Structures are given as C-alpha cells and as structure tokens.
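All remarks here apply to the structure that follows.
The values are calculated or read from the model by the stated rules, or taken from the named source; none is laboratory data. The structure presented is a predicted model; accordingly, all values stated were derived computationally and were not measured. Don't worry about glycine lacking a Cβ; one is built from the backbone with ideal geometry, like all the others, and counts go over all protein chains shown. These area figures cover heavy atoms from the full protein model, side chains too; ligands, DNA and RNA do not enter into them. Shrake-Rupley method; radii C 1.70, N 1.55, O 1.52, S 1.80 Å.
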Amino acid sequence: RYYSGEKKAPVLTVFIGGNHEASNHLQELPYGGWVAPNIYYLGYAGVVRFRGVRIGGISGIFKSHDYRKGHFECPPYNQQTIRSAYHVRNIEVFKLKQLKRPIDIFMSHDWPRSIYHYGNKKQLLKMKSFFRQEVESNTLGSPAASELLQHLKPTYWFSAHLHVKFAAFMQHETNSKEELPKATKFLALDKCLPHRDFLQIIDVEHDPNAGDSLEYDAEWIAILKATNSLVNVTQNSWNMPENNGLHAKWDYSVTEEAIKEVLEELNHDLKIPCNFTLTAACYDPSKPQKNMEPVHTINPQTTEFCAQFGLTDINDRIQQAKEESSGRGECEEEEEEEMDSTGSAEEPSEYNTDNSGLSSFNPDEIMLDEEGGDEDLSTCSVDPSPDHPPEFSTSFSDIRVMPDSMAVSSDDATDSNNEELDKSGGSRQGEERSPPERSLKRISGDENGNSSIKKIKRRNQAIYAAEDEDK
C-alpha cells in the first residue's frame, strides 16, 4: 500500500535501506528522517538512541567499483545510477569508524564478510548450497561491514539480504589484558513470507524510566559536523583520510567538549522532532498515472536538520552541481556513458582483487529485467578461517575469537562484478533443494518482444496479487 498521510505506525520502527527500496525517496533523507509517522530511516549511515539503547546502521550493499565515489546520483536515474544509488560509500564507513562510545545494536543489509565462520556453516550450506564457493573461499559478504564489525564491536548485529536465517556468536580480540573482551551476537533473518523464519523477538537491556521518544545521538551529530568538509557529490573516486603521510588530518573522532557543544546547542533536549512531511502526492487508485519519472526532491526534514547543525544538504549540493554542469547533461550523464555497467572506466577501488568469476545465484532474489539486477553476494578476497563445527541453533551460542583476517586494509582487496549475472548464474538455481520452491522467471520484454519496457517479476507474486502470474 502507498502511505496516505492519515495513519501512524503502531510500533516505533527504525530501519536502514537495502537494494530493493525506493531509492529516490530515501535519497531525500541522507542524514535520516521520518518516511512515515513513527517509521524512521537512519540515512546513508546513522546512530540514534531509544530508551538508552544506542542503535546504529549503514544502508545499501557493497560494490567495490562504487565504494570510493561520492553520493552523486539523482532522479531520474539511468541504468547505472538506479543501482549505484544504493551502493555503500567509503565516507559513511569512515564516519562510523570515528565512533568511540559503545554501540548496542547495529544494522547492515548485507552480511559482514566471514561472519558465517561463527555459526553453523554446515547447516547454512545445507539450506543455501549455492553459497558454497564464496563461503569456502571466504569471499561472501561485505568487507566494509567487516571493517565496521571489528571497529564497533556492537552487542548485536542484524542483517538481511541473503534470505536465510542464520545466527552467530563472535568474541572479539582485546588490545590489552586489562580490557574486557566484547562479543557480538549476529542474526540474519529470512524473507517475510509464509513458513519462513523472518521473525525473532529479542529482549534488549534498556532504561525502563526513559521516555518513549527517539533521540539524536550527540556523538554522532558531532561526527557529522566534524566530517562535513569531506562531503563529495561527484562520481570521482577518492580515499578517506588516513595516517599515511598524505593527509594533514586523519582522525575525525570527536572530543567530549565537542559532544558537550552539541548538547548545549540542543539545550540537552535530544528528542528527534516528529516533522514528517509528504514530498509527493499520495497514490490515488482512481487516478492512475503511468510512466511517471521520479524527480529530484529537497526534503524539508533534511533542510531543517542541516540548518540546525550547520551541515551540507547533499541533495541541494547535487542540484547546484546539476545546474552548473547543465551543458554536460543531468547528473554527469555523459561521463556515465563512457563507463560500462561495472564502472570499469573508474580508477580501481581500494578493494582491487577481481573476483568476477564468483557468480553464485540466489533464487530468492528479486530480479530487474533481463540484466539480473544486483546479485546478492558482494565479495572480498581473504584467507579462509577454520570451519565452525557446532550444531546450528536459532539462538546465539558458542564463542570464537575474531581473527585479524576480518580486518580490511587498503590492499585487502575485492572487486565484485556480479551485477550482470544473466545466464551464468541462472544455471545454478537448481542447487537449492530445501525448501522446495518454484524457480525464478525473468522477464526481458512484453509479449510482443518489446525489451525496452522494464518489468519486475516477483517469485512470490501471489502474496501481493489476487492471481499468481507464475502459474
């Protein structure tokens, strides 16, 4: 259903974006905001608080060829930007790595690389046999998420993307004997469909006396202010500052004084205002409108947030860049035409190993037209960790220390060119035997062979419509 602006979600919901959201709408809220009353989006990356629980997350999925670019995409999208709009960028990982205070819950869409070594890998491969090649070579998952996992060491980490329930329990290494070891409980859930493991209730320790309002996180706001000068709205590749002799400043973590200044700016009232605003007309089934292209929208929530904290409104900056380069085409369109679909014209990513031969296919994925869309499995090369022998459990059990191999350095490389999977991946659909389901059908055009019309075909179409078109 389309939101009409008349109802409120019964339960406060905090979420991140993946690779099947409305990118044009979420892009309006790069720093987070309300997509509907009581439903809050964390933005490209973000941290908030609720009843004393600190919740962080990063949106999108990892693709190495876009990782070092700025957030340059804007509606209307072309065949490249409709995908790159939801690809994780290094600036968001860099911001999150400036956090020093403990995180209780962290969310990412794709899994951190190597996390499968800390749960029942045998059972995972029994359920998803087409993961075997990446699991055995330790290339399944996001290297950027692994980097954050090692740095943040949250109490809980929740992911999705691979459409299977999987739990893991990881104990992190300590830097000194005096430091208490931290552990992360990882949980991924299945698709929200009948007879699938898509829900698990977890009790999280919290402050029962705290109010029921979502709150800003003062350290995160201070980090956004400190890193504002790093905002990039071009598709040029660049590296984040690091201690390598090339940058005068590389540490953008914030002091207690900077955090105190944020609190004083807010008069110690961290409550996030309930300022949801409709930015598009509500859907009216009696007045269907076909072939409407999304437009580049400046959301009042973002304008207010940026004005309050002195931040750059990314969409306003993109709009300015469009106007300044109007002779070259919207959103640098001419430059994009020089690229192939994998961005091969770009300078290589810092994760530069080519794993394009790894083309596992997930039959649970929703595909876009004949190209196959974004395949689920982002990859990175690293020496595999030992097998994890314990029996599978839906709860968090067993402990293993996270090895150094989960860290990601500038030369610990990957390049996932799996976005164009087409026929090579489709032949592997039959490898999944449990549970038995109908195979995915792809649509490349209409009944008359018109391939210019892009369509989406859901393998679970019967859930959403009265008739099952797959029959």
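Values for this structure:
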read-out	value
Residue 65, sole failed condition from (1) closer than 29 Å to residue 317 by Cα; (2) assigned to a loop (DSSP other than H, G, I, E, B); (3) more than 12 Å from the chain's Cα centre (by Cα)	(2)
Cβ-Cβ under 7 Å pairs, at least 6 apart or on other chains, the range 152-169 side open to solvent by 30 Å² or more (accessible area, probe 1.4 Å), far side among the polar types (S, T, N, Q) and not in a loop (DSSP other than H, G, I, E, B)	153/184; 155/184
In the range 70-102, the residues that are open to solvent by less than 20 Å² (accessible area, probe 1.4 Å), over 18 Å from residue 296 (Cβ atoms) and charged (D, E, K, R)	89, 92, 95
Residue within the range 83-97 that is more than 19 Å from residue 235 (Cβ to Cβ) and more than 15 Å from the chain's Cα centre (by Cα) present	yes
Meets criteria (part of a loop (DSSP other than H, G, I, E, B) and among the aliphatic types (A, V, I, L, M)) for residue 202	yes
Those residues of the range 108-120 which are surrounded by 23 or more Cβ atoms within 10 Å (Cβ to Cβ), outside any strand (DSSP E or B) and not acidic (Asp, Glu), in sequence order	109, 111, 113, 114, 115, 116, 118, 119
Residue count for the range 175-196, restricted to those that are of a type in the set (Asp, Glu), more than 27 Å from the chain's Cα centre (by Cα) and open to solvent by less than 100 Å² (accessible area, probe 1.4 Å)	1
Residue match in the range 234-257 (condition: part of a helix (DSSP H, G or I), over 24 Å from residue 145 (Cβ atoms), free of Cβ contacts under 8 Å to residues at least 12 places away in the same chain and open to solvent by 30 Å² or more (accessible area, probe 1.4 Å))	yes
Tally, over the range 264-313, of residues that are open to solvent by less than 40 Å² (accessible area, probe 1.4 Å) and part of a helix (DSSP H, G or I)	5
The one condition in (1) open to solvent by 10 Å² or more (accessible area, probe 1.4 Å); (2) of a type in the set (Lys, Arg); (3) over 18 Å from the mean Cα position of the chain (by Cα) that residue 54 fails to fulfil	(1)
Test: residue in the range 71-81 that is under 13 Å from the mean Cα position of the chain (by Cα) and not hydroxyl-bearing (Ser, Thr, Tyr)	no
Residue check for residue 201: exposed (fewer than 13 other Cβ atoms within 10 Å of the Cβ) and hydrophobic (A, V, I, L, M, F, W, C)	yes
Whichever residue in the range 128-151 is among the small types (Gly, Ala, Ser) and within 18 Å of residue 188 (Cα to Cα) and, among such residues, is surrounded by the fewest Cβ atoms within 10 Å (Cβ to Cβ)	129
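Residue-wise test of (1) out of contact with any Leu (no Cβ under 9 Å at 6 or more places or on another chain); (2) under 30 Å from residue 279 (Cβ atoms); (3) open to solvent by less than 10 Å² (accessible area, probe 1.4 Å).
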position	(1), (2), (3)
39	no, yes, no
47	no, yes, yes
106	no, yes, yes
126	yes, no, no
